[in-house]
Amino acid sequence: MDNLKEIILRIARPLEYATRSGTHGLSALKDLGRFVSQQVVTALGHSVHPPSVEADLLHLVHLFSDYETLGSDLRGRRVTEAKVVLNRLLRAVEEPATPSPDPQKLAHRLWELPIQYARGVGPKKAEVLARAGIYTIEDAVWSLPWRYEDRTQVRSIGSLIPGQEAVVAVELRSVKLMVTAHQRRKLVEATVADETGSLYLVWFNQAYLAETFRVGQHLMLYGLVKARGGRWTHLQMENPAFEILEGAGEAGSRHDLVHMGRIVPIYHGRETKTRMMLGDRMRAIMKGLIDQYADGAVDSLPAEIVRGRRLIAFGDAIKAVHFPTANANLEDLNRGRTPAHRRFAFEDFFLLELALGQKRESVEREARSVAYDQETLLDSLPFRLTEAQSRVLQDIRRDLAGPHPMNHLIQGDVGCGKTVVATAAMLMAVGSGLQAALMAPTEILAEQHYLNLNRLLEPLGVSCVSLVGGRGKKREAALTAIADGSAGIVIGTHALIQQGVRFHKLGLAVIDEQHKFGVLQRATLKEKGYAPDVLVMTATPIPRTLALTVYGDLDLSVIDAMPPGRTPIRTLLFAEGQRARACRLIEDELVQGRQAYVVFPLVEESEKVDLQAAITGAERLQREVFAKWTVGLIHGRMKAEQKDRVMADFKAGRIQVLVATTVIEVGIDVSNATVMLIEHADRFGLAQLHQLRGRVGRGTQQSYCFLMGPHRLAEEARRRLEALVKSHDGFVIAEEDLRIRGPGEFFGTRQWGPSDLRVANLIRDAQILDEAREEATRLLQRDPYLARPEHAELKAALLRRWQAKLDLAAVS
C-alpha cells in the first residue's frame, strides 16, 4: 500500500497548488485528466486493492476526464470533491485493517476469474468460449440457457413409441466403431437394454465414444425414438444425449446428474464444429462453475434495492436459472418469467439506466459555450406552425435558454413537420449570431433540404450552403463561407465532420434520422473543438418504453399531429394475380396528371440480383405497362450527379413513374406523387414499409400505397402487412412490429442500445424496465458519482458493462 500512498500524494500536489492560487491556479492546470488517469492506471496495475479503494480511484478519473472544457466554478467544485476522495483514500491506506471477529464468508468476484482456469475448461475450450464472448466466470453465468427440457420422467424401453422424445435408464450391452463402405464415414453403434426390452443406438462422426463406453456401464439417454428399418418392434435413437451413471448400479447414482433426470438447461451452439462443446459440454462446465462459485458470488446490486424490489440474491439466481429444481415451472422457465430471470433482467436494465443517467449528467455538467438571443427570425417565416410543432419548439426554447448544452430528440411520424421545427431552431441560432449545421444521412436528402431551406430563407437574408462529397470550386467556396461565418446554415452529409471543415461559431447541430448515424460521428464534432447544442430528429416510430431506454440521454419531444389538409394514405394488399388491377389504379392516377413510385427491395445478401430486378422491372414497365408515360430509375449504385438529375426530372414532372430501391426511404418529398407500388412487400420490415409509404401523401390529394406480395404469405409477413393496411399511425405500427419481431429491426444499425442487453427483453420485461429506471433515478439523485463505499461493487459493475460507451457520454 506504500506505493499507493505515493501515488495519492502525487495526485494531491497539483490540486493543492490550484487551491492556493485561486482562479489562476485552476486555469493553469493543463492535461490534468490525462495525468490523473495515468496515475490511477499505475496504481491499479501494481496490486489488487479493496473494492472501495478501486471505486474511489476510478471516481478520480471521472472527475477530471473533461476538466479542460469546464468553467472556473465547475473546476473549483471538481477540485474540492477530488480532495475529499483523496483524503478518504489516504485514510484507507494508513489505517490498519481490523481483523473480523467472525470468519469471513468466501466472496467470489466473478469478473476477476478467467474462464480458462475454471474446472474442466483449459486453454483450448477457453478459446472456443471466447468466440462466444465468454472470457470470465461472470461472462459465463450471464450466458443464460435459451430454453429448458424436462428430462425428469424416466421411461422403460418397453413403453417407448416412435416419434416421441424420451429419457431411459439402461445398461450397455455392446459397442463398436464402424466405417461405412460408401463414404467411409465413422459411426459408433451400440445396444442397450433394461428389464422391458432393448434399444439400438448410433452416433455419427463421434468415433471417440467407442473408447468412452464400456460394456456393463449404466447410462441415461435422451433422444428421439425412431422405428429402425420401418419396424416398430425394433427401436433406435440417433445421436442421443447421454450420461454415464457412476457406481455399480443406477440406484442411488442419480442425485447429482447434469444432463438427465432433471430439468436440463439448453445452451446455444455457436459454431458447427464446436456445437457439442457449447451444448452438453457447456452444460457440464456450467455445473462445475455453479457448484464452485454461486454461493459466494459478489452481488453488485445495493442491498436496499434487492430487499425493496423483492429480488432474490444473485447467487441463488445463478443456481436457479442455470440448474432449476425438478419442481420448477417449465413454461415459466422457457418464457423467462421465473424470479431468477427477473433478477437477471432487473440488473441488466438497472446498469443500463445508470449508464444513461450518468451520460445525461455528464452533458448537464458542461457549461454552455454559446448564448441564444430569444428575439429571433421566427416571426419572418411565411407560415404558421401547428399546435404540435409549437409545443415542441417551446421545449427546444426552454432547453436553449438553460445553463447546459441541449441534447434533444424530436420524434414524429413521416410528414409531421419535424424539419420545420428544426428550421425554426436553426433560425434561433442564426438570429443569435451563431451557425447551425444540418446533417442528413444521404446526399439526396441533404440536397433536398438545401433546395427547400435556401428557397425559404434566402428572402430573410439567411445564407445557406450545401456541403456533400466531391471537389471543385463550389466546395471550396462553401468551405470558405463556413470558416469565415458568412454561411449561417450549413447542410450536408457526414462530409460536414470530415477533415478540413472548420466552422466559425457552431451553435446548433441538427442530425436528421438518428438511426442512420452513430455516436462516433457525433464524437468527431467534439474532437474538432465544437460543443454545440444537439437536436436529433427521427421518423422511425419508436414506442415510448423503447425511446426512453435507447434515447435516455436525450430530452424527448413528440410531434403527434399532422399538418392540416393531409389525407390518410389508403393502403391495399395485392397478391401476384391481382397485379393488373394494381397497375390500372396507378394508370388512373397518371391520367389525372399525378406521379407514382414503384419500389423494389434491395437486400444485402442478394444485392446484385435485387438491383438487376429493379433495372429489368423499369425496362418492362416502360415497354409493356406504362408506355404512354416516362419511367425513370434511381438506385444507390448511381453517381450523385445521376441521382440528382433523375430526382430533378421527377420533381419537375418530366418523369411520371419512378422505379427505385430503398434509396428513397427517407426525405424524398414530391407532393404530386400520389401512389406507390411496393414489390415483394413481404421482404421489407414493418418500420421500413411505413417509412416508404410516407413518400406519398405529401400533398392534399388522396394518396395510395399498394403492397404486392406472393400468393401465399408466411404467417409473420401476413401479420406485418395487415398491420400496415389497418393503420397509418406510426406509433401503433411500431407497437405491433415489436410484438411480431422484437426490437432488433429498430436498432440493427445503431452503435449501441438494446442489443447490448444480456438477458432482459424490452417487450417481455417492460414492467421490470420501469422499476429499474425508477431505482436508477433515485440512486443517482442521492449519489450521482456512485462514490459512497456501499456502492463500490455497483460502480465497478457499471464500468465493466458501460465504460466504453460512457467515454462518449457527452456526445451521444
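The values are calculated or read from the model by the stated rules, or taken from the named source; none is laboratory data. These numbers come from a predicted model, not from an experiment. Quick reminder, even Gly has a Cβ in these numbers, built from the backbone with ideal geometry, and neighbours come from all protein chains shown. What goes into the accessible areas is simple: the full protein's heavy atoms, side chains included, and nothing from ligands, DNA or RNA. Shrake-Rupley method; radii C 1.70, N 1.55, O 1.52, S 1.80 Å.
Things worth noting here:
- Subtracting the Cα-Cα distance of residue 672 and residue 767 from their residue separation scaled by 0.36 nm leaves 29.7 nm.
- Residue-by-residue Karplus 3J(HN,Hα) for region 572-586, coefficients 6.51, -1.76, 1.60, Hz, glycine and proline x: 10, 9, 10, 8, 3, x, 9, 4, 4, 5, 4, 5, 5, 5, 5
- Residue pairs exceeding 21 angstrom between C-alpha atoms, taken from 359/795; 124/287; 176/287: 176/287.
- Within the full protein context, the accessible area of residue 450 is estimated at about 40 Å² for a probe radius of 1.4 Å.
- In this view, the solvent-accessible surface of residue 309, computed with a 1.4 Å probe and all protein chains in place, comes to about 50 Å².
- Computed from the Cβ-Cβ distance with R0 of 22 Å, the FRET efficiency linking residue 126 to residue 186 stands at 0.20.
- Overall form of region 57-199 per C-alpha gyration tensor (a/c, 1.5; a/b vs b/c): prolate
- Stokes-Einstein, applied to the Kirkwood radius of region 696-736 over Cα pairs at a viscosity of 1.002 mPa s and 20 °C, places its translational diffusion at 181 µm² s⁻¹.
- Computed over neighbours whose Cβ is under 13 Å from that of residue 38, the net charge equals +1, Lys and Arg +1, Asp and Glu -1.
- Cα gyration tensor category, rounded, prolate or oblate, for region 406-495 with a/c compared to 1.5: oblate
- Counting heavy atoms of the protein chains alone, residue 10 has an accessible area of about 80 Å² for a 1.4 Å probe.
- Label zone at residue 702, where the point sits 7 Å out along the Cα-to-Cβ direction: region 584-600 residues whose backbone N lies under 20 Å: 584-597
- Taking Cβ atoms as reference points and 15 Å as the exclusive limit, the residues near residue 569 contribute a net charge of +3, counting Lys and Arg as +1 and Asp and Glu as -1.
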